[in-house]
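The values are calculated or read from the model by the stated rules, or taken from the named source; none is laboratory data. Model, not experiment: these values are computed from the prediction. Glycine gets a Cβ as well: all are built from the backbone with ideal geometry, and neighbour counts include every protein chain shown. Quick note on the areas: whole protein, heavy atoms, side chains included, nothing else; ligands and nucleic acids left out. Shrake-Rupley method; radii C 1.70, N 1.55, O 1.52, S 1.80 Å.
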Amino acid sequence: MTGEAFAVLAALAYGVAGVAIVQGRPMARGDNGVFLSVLLTAALSCLLWLGWGGTTTGAQLAPRDLMGAILIFAVAGICSNGIGRQAMYWATERIGAVRAGLLRRLTPLFVLPCAYLLLGEVPAPNTLLGSALVLAGVLIYVLPQTRAATPAPNTPPQISANPLGLLLGTLSALAYALAFAFRGLGLDTLPDPTFGAMIGAFAGALALLALALARKGLRDGLRHLSRDRQAAHWLTALGLSAGQILQFFALHSAPVVSVALLGTLEVMFSAAIILLITKGETVALRPLILASILSTAGTAILLFA
């Protein structure tokens, strides 16, 4: 199977996960399976690292450099698996899988200032053009529905283009952008992406655990994190974990440009599942197609830049 095929399967996995988040919300009694998804990602990334012969990771580094890289990977993991994933869940629960997926297209836009501040990378003019196209694509779909959204007949009451959900979706994209920048810093010292992914996943899980215990205490906090284990929650966890791992395999046998562009299919997969199967939220098809074209074009320019 080619790398491009892995990338398409990764986009499908992320699309399924987005819809499953919405489906799991009505039956949620705790965190809607956020902690479960991070734990599963940590376990699978650990197995992947061990299977890749990663037990010698960092053997040639000085202890100080190794600990510095681990700390940077941990910060990246808190940004992505902690803040980014939690905000993505909250946003998807409020505005639906399609809008949340489009807002995640803002991640390349936010990468620009993060990379400048952390890595000293100055964006080229074509990079700014690509960012503008991504932003235009998101606004074309989101803004008209924010002004006047008509829910679908089976849409749960909490699904709408509400400002809080849009803000959370934007926060998720920003957190993922910070994670990319910190991960770049870590890989400069320790070029082992599977090790970085494993450390980040465990750090994100610990951050979510600490937050729950601080907010609710030991007993209630653990119950909040562990009680949502319905089929929809497992489907979300498997989708997010599978998407991350499939992208890893795709990057090993296909160009980064192809993998990232095919990743934008996530929004279309979510829309297709909603239109054909769940019918759980409103999908404005024509604006979605235009938004996807603009966002994909912008992403292509960013990657070629």
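Can you list the HN-Hα couplings for the range 163-169, worked out from phi with the Karplus curve (6.51, -1.76, 1.60; θ = phi - 60°), rounded to whole Hz and with x for Gly and Pro?
Running phi through 6.51 cos²θ - 1.76 cosθ + 1.60 with θ = phi - 60° gives x, 5, x, 5, 5, 5, x Hz.
If you average the C-alpha positions of the range 203-240 and of the range 182-199 separately, how far apart do those two centres end up, in angstrom?
If you average the Cα positions of each part, the centres end up 25 Å apart.
So what's Rg/Rh here for the range 13-89, counting alpha carbon atoms and using the Kirkwood radius for Rh?
Values: Rg = 16.1 Å, Rh = 14.7 Å.
Taking Rh as the inverse mean 1/r over Cα pairs, Rg/Rh reads 1.10.
Roughly how many nanometres apart are two label points built 7 Å out from the Cα toward the Cβ at Ala136 and Ala5?
3.7
Please report the accessible area of Arg29 (heavy atoms, 1.4 Å probe, ligands and nucleic acids excluded) in Å², nearest 10.
140
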